[in-house]
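Worksheet: the structure to be examined is printed underneath.
The values are calculated or read from the model by the stated rules, or taken from the named source; none is laboratory data. These numbers were taken from a predicted model, which means no experiment stands behind them. Cβ atoms come from the backbone with ideal geometry, glycine included; neighbour counts cover every protein chain shown.
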């Protein structure tokens, strides 16, 4: 963590200073009500993609959101950028105005970068047209300054003025992701939501895009919600990590704290599942059995208990809330203390 | 690479060139002069970025090249017989009982309108002459072996009714149902969540241990290779640029591209390490730079690198590298 962001996180203890805060957010989808879909399926018909999410994004921080597919990460992102509406709960922007209404101004403040830079850019617009359209629509600069502003944006993301006349198809994957980022920051947002922005890129260019997020945070003071499944990437980039499981945040802490002292068995299982570059660092203790349960039928009690090695009667009976387990570290596990007693695998020995 | 154990290799790929044949006789090579051997029981990981030719190499072995792409020259010998020159009928007879393939996306590789149990049973019925009943029972037992809970019930499911992890297990059960001696895997865990990935990798490892099958595992993830394979081949722009034992190669890479891959990827065990991206991007195969294809992005480049493509030579016992400057890469990456 850079000193700047450390200072920021330290001064952001109260939720009033958060950039974006969600409270009790829920989102459910119903199975279709046509005759065909009713004939074809049985059992519960409501899918709970989000089931009571509380989360705050602090000014200038990079908060990572991790979890399995189907855990609700992308649904949360969609609600935050306003491409879908929540079923319940609230989204607060800078402690005050709820982002319920999506006018042009509030949509400008929260921008998104998608996973696939091939399908998220309009193939028929040149880079210059794409940026000019945004800059004029949101009245960021007068028409006479559009070109200069476009060049400034391109330089910020590491591209040159020459690309203004080019179409997205003329770029490689990494450069397209730079364009997508330039487009997102063109309207001067406060918050950037990045949904798996490097997972479609080759390893050798991933690093340049990760560096770009870090430098944009420093230069523009952006707050970034970074959705990812690669924990090595998350560990490298983010200040804090929130772990989602079946529509809920089950653990949240500073990055270093979370990976050194996981207090939820699911986080522990994620850490133990990471393929490692060194020998002897894999622990079988927390390999998960079975598959993630269906979000149509969330288990009663703790939603993780059917796959949890530590689960007991109280876990089947009680749905644990997210509680503080260590300083600046919250976990939704009734057995957090028990888990703390199981040591993490020894750090791998340095090779001679 | 010759057989490390001294015996004949199970699979021997020799000077394989794959490409597009253009009208007028001009052809474009996408994979150029690739050679490697796989011994019985050996596990080879092929890594490289998109467009490096790793998947095409695997598909050429399986005889599953996309339309328009063909083997331009070279040999692919399985158990001493050249797969490329044998009759199509003979080659088909090998696919299943001798060689099986596992794909990245099980949803597109499975038949959506056939129950998964029947799909697994099809191979044993056709190749091992089993009755429908025997093959059905075998299918259920294969599913149980791949760790599918309640296999008898799941055998009656259609692919869309199963999760991604279960579908990948179905595909593995299908691939190993006839007891193949060579398993070809094309990014089999890339679409899976990390917890499920670990289960599938352990399953593959166990199946290979149990049956003595050889594995060729194509992936872009170095850490997955580290945990699954013993041998490594690194591909760049259609060429193998480095090959050797996985652990030794990762510890002390002797090709600048291998080193670049290792330094650009975040390592969970070394969070403080700075990531060093490889500048530029891979060349277009139709327009390769002269000489070493990596030269334009290479930090070790010297004038002679652009004269001719460097040959893949032994630089250490058991290690091959295609780099004129390999001797300058002596640093040990921990």
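Residue check, residue B:291 against (1) assigned by TED's automatic domain parsing to the domain that holds residue B:256; (2) at negative phi, all met but one. Which one?
Unmet for residue B:291, out of (1) assigned by TED's automatic domain parsing to the domain that holds residue B:256; (2) at negative phi: (2).
Would you say residue A:89 is farther than 19 Å from residue A:241 by Cα and in contact (Cβ under 8 Å) with a residue 40 or more places away in the chain?
Here the answer is yes, as residue A:89 does meet what is asked.
Please verify whether the stretch A:208-222 includes one or more residues that are at pLDDT below 95, over 23 Å from residue B:297 (Cα atoms) and crowded, with 24+ Cβ neighbours inside 10 Å.
no
Which of the residues belonging to the stretch A:125-141 are touching a helix residue (DSSP H, G or I) at 6+ places or on another chain (Cβ under 9 Å) and in a loop (DSSP other than H, G, I, E, B)?
Across the stretch A:125-141, the qualifying residues are A:125, A:126, A:138, A:140, A:141.
For the list (1) in contact with a helix residue (DSSP H, G or I) (Cβ under 6 Å, 6 or more places away or on another chain); (2) within 14 Å of chain A (Cβ to nearest Cβ); (3) crowded, with 23+ Cβ neighbours inside 10 Å; (4) not in a loop (DSSP other than H, G, I, E, B), I need the number of the one condition that residue B:169 fails.
Tallying (1) in contact with a helix residue (DSSP H, G or I) (Cβ under 6 Å, 6 or more places away or on another chain); (2) within 14 Å of chain A (Cβ to nearest Cβ); (3) crowded, with 23+ Cβ neighbours inside 10 Å; (4) not in a loop (DSSP other than H, G, I, E, B), residue B:169 fails exactly one: (1).
Residues that are within 14 Å of chain B (Cβ to nearest Cβ): list the strands (runs of 3 or more DSSP E) wholly contained in the stretch A:157-265 that include at least 3 such residues.
A:240-245
Applying the selection to the stretch A:57-73, what residues are in contact with a strand residue (DSSP E or B) (Cβ under 6 Å, 6 or more places away or on another chain) and surrounded by fewer than 21 Cβ atoms within 10 Å (Cβ to Cβ)?
A:59, the sole residue that qualifies.
Out of the helices (runs of 4 or more DSSP H) lying entirely within the stretch B:45-118, which hold 2 or more residues that are modelled with pLDDT under 95, in contact with a helix residue (DSSP H, G or I) (Cβ under 8 Å, 6 or more places away or on another chain) and closer than 21 Å to residue B:190 by Cα?
B:106-109
Condition first: buried (at least 20 other Cβ atoms within 10 Å of the Cβ), under 16 Å from the mean Cα position of the chain (by Cα) and part of a helix (DSSP H, G or I). Can you find one or more residues in the stretch B:35-42 that meet it?
No, that holds for no residue.
Tell me the strands (runs of 3 or more DSSP E) entirely within the stretch A:1-80 that contain at least 1 residues that are at pLDDT below 80.
none
Across the stretch B:92-124, what is the total count of residues that are free of Cβ contacts under 8 Å to residues at least 60 places away in the same chain and out of contact with any strand residue (DSSP E or B) (no Cβ under 9 Å at 6 or more places or on another chain)?
16
Can you pull out the residues in the stretch B:172-191 that are within 12 Å of another protein chain (Cβ to nearest Cβ) and surrounded by 23 or more Cβ atoms within 10 Å (Cβ to Cβ)?
B:189
Considering only residues that are closer than 29 Å to residue A:26 by Cα and at pLDDT below 70, look in the stretch A:266-309 and name the one that is farthest from the other protein chains (Cβ to nearest Cβ).
Result: A:290.
So that you can scan it fast, the table gives a plain yes or no per residue for (1) away from every other protein chain (no Cβ under 14 Å); (2) out of contact with any strand residue (DSSP E or B) (no Cβ under 6 Å at 6 or more places or on another chain):
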| residue | (1), (2) |
| --- | --- |
| B:268 | no, yes |
| B:282 | no, yes |
| B:294 | no, no |
| B:307 | yes, yes |
| B:312 | yes, no |
| B:322 | yes, no |
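Just one of (1) under 29 Å from residue A:210 (Cβ atoms); (2) touching a residue at least 40 places away in the same chain (Cβ under 8 Å) trips up residue B:309, so point out which.
All conditions pass for residue B:309, except number (1).
Would you check which residues across the stretch B:266-294 are farther than 18 Å from residue A:237 by Cα, surrounded by fewer than 21 Cβ atoms within 10 Å (Cβ to Cβ) and free of Cβ contacts under 8 Å to residues at least 40 places away in the same chain and list them?
Matches in the stretch B:266-294: B:279, B:280, B:281, B:284, B:287, B:289, B:290, B:291.
What is the one condition in (1) more than 14 Å from chain B (Cβ to nearest Cβ); (2) touching a strand residue (DSSP E or B) at 6+ places or on another chain (Cβ under 6 Å); (3) modelled with pLDDT of 90 or more; (4) buried (at least 19 other Cβ atoms within 10 Å of the Cβ) that residue A:99 does not satisfy?
Unmet condition: (3).
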